[in-house]
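Every read-out reported here was derived from the displayed coordinates using simple, explicitly stated rules and does not represent laboratory data. None of the values given here were measured: they were computed from a predicted structure. Here the Cβ positions follow ideal geometry from the backbone for every residue, glycine too, while neighbour counts run over all protein chains shown.
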Amino acid sequence: MTSRGSRLAAVLFADVVGYSDLSSTDEARALRLIRLFQERCEESVSRYGGRVVKFLGDGAMARFSSGRAAVAAAADLRESFEHPLHIGIHVGDVESSDGDLLGDGVNVAARLQDLAEAGEILVSGAVAFQLRQRSEMEFESRGEQELKGIGPVRVFAVTLVEPIDPATVHREKAEDATAPWWARNAGLRVLAPLLLVAGIVLAWQMIGGGGTAKASDSSIAVLPFETVGDANPTFTSGIHGDVLTRLSNIADLDVISRGSVIEYRDRDTPASEIARELGVVWLLQGEVQQVGEQVQVNARLVDAREDRQVWAEGFRRELTAENLFDIQREITLQIAAALETRLTPGERSAMEHGRTDDLEAYRAYVKGRDLLDDRTEESMRRAMVHFQRAIDRDPDYAVAWAGLADALTYLEGYRYPIPEGSVDPERAARRALEIEPDLAEAYASLGLLAHVRRETGTGLRQLERAAELRPSYVEVHDRLAWVNTVSGRPEPALEAGRRAFELDPLRPQPNYVVGLLVSGNLEQTIPEARRVLDLKPEYGTAHFYEALAQYHLGEYAKARSLLEGLRVVWAGVGPQATLALSQIALGDRPAARETLAGIDPADHPFSTALVRAALGEIDLGAEDLRGIEPWEYWPTLAIRYFFPEVLGPVRDDPDYPALIREVDRSWGLVE
């Protein structure tokens, strides 16, 4: 048997009404009828660019490049063949095998044909949603129907209110054929058996916690799935997270991150309000229920502009890891199809990432990811245990290796003790890539680890690769914002930070704030820093960023008020040094000297020299800074971006480029 792999197609099934009764009473007439049916079928299918796959007694199966072509051919066949027909159409994933078609895309279309009344063309919700704006078609809902062996499917009867010119269908097909290879092979703009829609969140423009977002017509938020009955909430969270992960691999879809949508887990908020807060048009909702040895996953699509459900689909399968991943893949494909989104071969391949055949390994991995989100030392250590448990059960579980690499990298980055006997995080991430060479999670782990180990040039390349592989991977954009800031690249830093903010608008985004700050957007820095504090009041970094903005705007008293008593772990004595500079600017030199006395010059030579220069006690030149090694975060940001009245002479010094090369070398940005 030969197979050409899984592709997307529109599938049409048609059969002749009453053929069995006719053949029992007038066999000759029945045979003539079938020959005529086959002749008309070939003509209609060919007219609209399709292909008859096979004839099945009194029926036929045909394949098309779009749902529009399939509906047009069905209407043409119904008109040209005077005897009534049953016709069913679905768009979905199919597999070619020895000239035949297999898969759920075929099965759903066949079931719809069985369900159709005489002379009726029934289509699935996938077809109806894709073609909903076509003026030549009208759709009448037949409600949600239970299809044998498939589960509940939303069904519509379709009629043409005006003919469809075959030339327009062929022109659309020709445009597909002349598209770039990566788009042409991405699959058809139509899809399959079971659900949904997703999208792009753009241009969230909140200032100081208020404002509204501009929503793209294809923007979507996948709200937390509800747990029904005996299903484990962690299990439900895993399915929800995996759907988001698969969607975020698609370049043309920008999916709101889990961090923001999780805020609606226990909130009864109207769809229109959620859409406004997140800046989306579409909402995807769902439930997970475990019934004995089976799992039921339901999902529905809501047009938030009208608070109207436009799509619903249900999946009921035996509870196995393989079936869970198949459901998640089908949901993702349906989303892409409903939005007429082209999938590249790489995007289609990425849908297979993160699979395991071991259900317990999957559960352990999900638990590990949930724990890792907490970012406490204890949660990181517990996450390691769960990732290792998943690996022990399935040594080829790539995302579990990437999760283990992340947990170890965070422990190393926060300078917590690494458990004895732990695998090196780079080895864990490399093992993930050996299993799945294009795994975004593994590149993200390597990128962060390289930065933590001061190989930042390598880290940037790894993070950029992760962003290419998963365009809506919010953690990667957040990391890119910070690493670009440290690397002296304020424009890419701001772009990455803004992207993270767009994808995760209800979570604190301090790296977006620092991107605004170092790129000179001081007025905007202040309300954004306050927005971070509204979301996470204990986040001292936001106070520090606002204080730096106030200082550089000449609001020294406001800066001083924010800095008094402030401690920020990553910045060391940065807040104290900035406080001393604010006190000097306000004319309170005794207070500045007192603040300076609290800074140890042996541990913090840059900050000590900075304050003394502001007091006029030393000439802070480039040569005085050459002995600093290594350059930590705070001195790096200060020498690159801040305090022009003090550091201006240093930046004007001919030796300044050499000094910056030393800073870059300290971070692994140059050889």
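How would you rank 448-456, 316-324, highest first, on the average number of other Cβ atoms within 10 Å across their residues? Could the numbers behind the result be given before it?
On the way: 448-456: 20.8, 316-324: 16.1.
The densest-packed peptide leads the list: 448-456, 316-324.
Could you calculate the FRET efficiency of GLN294 with VAL52 from 1/(1 + (r/R0)^6), where r is the beta carbon distance between them and R0 is 56 Å, rounded to 0.05?
Working: r = 37 Å, r/R0 = 0.65.
Between GLN294 and VAL52 the formula returns 0.95.
Over all distinct Cα pairs, what is the inverse of the mean 1/r for segment 488-527, reported as the Kirkwood hydrodynamic radius in Å?
On the way: mean 1/r = 0.1013 Å⁻¹.
It is 9.9 Å.
Report, in whole Å, the centroid distance computed from the Cα atoms of segment 265-333 and segment 396-422.
That distance is 32 Å.
Could you give log10 I(q)/I(0) at q = 0.17, 0.20 Å⁻¹ for segment 63-146, computed by the Debye formula over C-alpha point scatterers of equal weight, without solvent?
Log-scaled intensity ratios, in q order: -0.71, -0.98.
Can you compute the charge dipole magnitude of the chain about its Cα centre, using +1 on each Lys and Arg Cβ and -1 on each Asp and Glu Cβ, nothing else charged? Give it in debye, rounded to the nearest 20.
Working: 73 positive and 106 negative charges, 95 e Å.
Value, rounded to 20: 460 debye.
Which of PRO395, LEU581, PRO425 sits closest to the plus end of the dipole of the chain, meaning its Cα is farthest towards the positive end, when Lys and Arg get +1 and Asp and Glu get -1 on the C-beta?
About the Cα centre, the residue reaching furthest to the positive side is LEU581.
Using 0.36 nm per residue, how much length does the chain from ARG276 to ARG454 gain when fully extended, once their Cα-Cα distance is taken away? Don't skip to the end; give the middle numbers.
Numbers: separation 178, 0.36 × 178 = 64.08 nm, distance 4.09 nm.
Additional length available on full extension: 60.0 nm.
At what distance in nm do the modelled label points of ASP114 and THR159 sit from each other, each positioned 7 Å from its Cα along Cα→Cβ?
So the two model labels end up 2.8 nm from each other.
Using a Förster distance of 60 Å, how high is the FRET efficiency between ARG32 and ASN232, based on the Cβ-Cβ distance and rounded to 0.05?
0.50
Helix 425-435: angle to the longest alpha-carbon principal axis of the chain, degrees 0 to 90, nearest 10?
Roughly 20 degrees between the two axes.
I want to check the label-to-label distance for ASP268 and GLU523. Put each point 7 Å from Cα in the C-beta direction and report it in nm to one decimal.
4.3
Using a 7 Å offset from Cα along Cα-Cβ at LEU319, what residues in segment 352-374 end up with backbone N under 19 Å from the label point?
Answer for segment 352-374: 356-368.
Any chance you could count the Lys pairs in the chain whose alpha carbons are under 30 Å apart, treating pairs 8 or more apart or on different chains as valid? Please report the intermediate quantities before stating the final value.
Values: LYS54/LYS148; LYS54/LYS173; LYS214/LYS536; LYS367/LYS536; LYS536/LYS558.
Summing the qualifying lysine pairs gives 5.
To test your reading of the geometry: what angle, between 0 and 90 degrees and rounded to tens, separates the Cα axis of helix 321-338 from the longest principal axis of the chain?
Result, in degrees: 90.
About its Cα centre, how strong a charge dipole does segment 1-149 have in debye, to the nearest 20, once Lys and Arg get +1 and Asp and Glu get -1 at the Cβ? Can you show the working numbers first?
Values: 17 positive and 24 negative charges, 106 e Å.
Using only the charged Cβ atoms, the result is roughly 500 debye.
With charges set only on the Cβ (+1 for Lys and Arg, -1 for Asp and Glu), what does the dipole of segment 445-495 come to about its Cα centre, in debye to the nearest 20? Show your work: numbers first, answer last.
Details: 7 positive and 7 negative charges, 45 e Å.
For this selection, approximately 220 debye.
Round to the nearest 10 and give me the degree value, 0 to 90, for the angle of helix 377-393's Cα axis relative to the longest principal axis of the chain.
For helix 377-393, the angle is close to 40 degrees.
Ranked highest first by the average count of other Cβ atoms within 10 Å around their residues, in what order do 269-277, 31-39, 382-390 fall?
Going by the mean number of other Cβ atoms within 10 Å, highest first, we get 382-390, 269-277, 31-39.
Please give the peptides 639-645, 485-491, 362-368 ranked by average Cβ packing (other Cβ atoms within 10 Å per residue), highest first, as a rough proxy for protection.
Details: 639-645: 17.6, 485-491: 19.9, 362-368: 24.6.
Highest to lowest by the protection proxy: 362-368, 485-491, 639-645.
If R0 is 22 Å, what FRET efficiency do you get for VAL385 and TYR416 from their C-beta distance, rounded to 0.05?
Numbers: r = 15 Å, r/R0 = 0.68.
Using R0 = 22 Å, I get an efficiency of 0.90.
Could you work out how far apart the two model spin labels at GLU377 and ALA658 are, taking each label as a point 7 Å from the Cα in the direction of the beta carbon, and quote it in nm?
4.3
Which listed residue (LEU506, LEU596, ASN323) has the Cα farthest towards the positive end of the charge dipole for the chain, taking +1 on Lys and Arg C-beta and -1 on Asp and Glu C-beta about the Cα centre?
After comparing all options, I get LEU596.
With Rg/Rh (Cα atoms, Kirkwood Rh) in mind, check (1) 1.08; (2) 0.97; (3) 1.00 and report the label derived from this structure.
(1)
So between ASP624 and ARG461, what do we pick up on full extension, going 0.36 nm a residue minus the alpha carbon distance? Display every interim value, and only then the final one.
Working: separation 163, 0.36 × 163 = 58.68 nm, distance 3.26 nm.
Separation in residues times 0.36 nm, less the Cα-Cα distance, equals 55.4 nm.
At 20 °C and 1.002 mPa s, grab the translational diffusion coefficient of segment 320-401 from Stokes-Einstein with a Kirkwood Rh over Cα pairs, rounded to a whole number in µm² per second. The partial results should precede the final answer.
Details: Rh = 13.9 Å.
Value of D from the Cα-based Kirkwood radius: 154 µm²/s.
Identify, among PRO152, ILE87, SER97, the residue whose Cα sits farthest towards the positive end of the charge dipole of segment 86-163, taking +1 on the Cβ of Lys and Arg and -1 on the Cβ of Asp and Glu, with the dipole about the Cα centre.
PRO152
Length gain on complete extension for the stretch ARG171 to GLU140, per 0.36 nm per residue less the alpha carbon to alpha carbon distance? Could you put the intermediate results ahead of the total?
On the way: separation 31, 0.36 × 31 = 11.16 nm, distance 2.80 nm.
Result: 8.4 nm gained on full extension.
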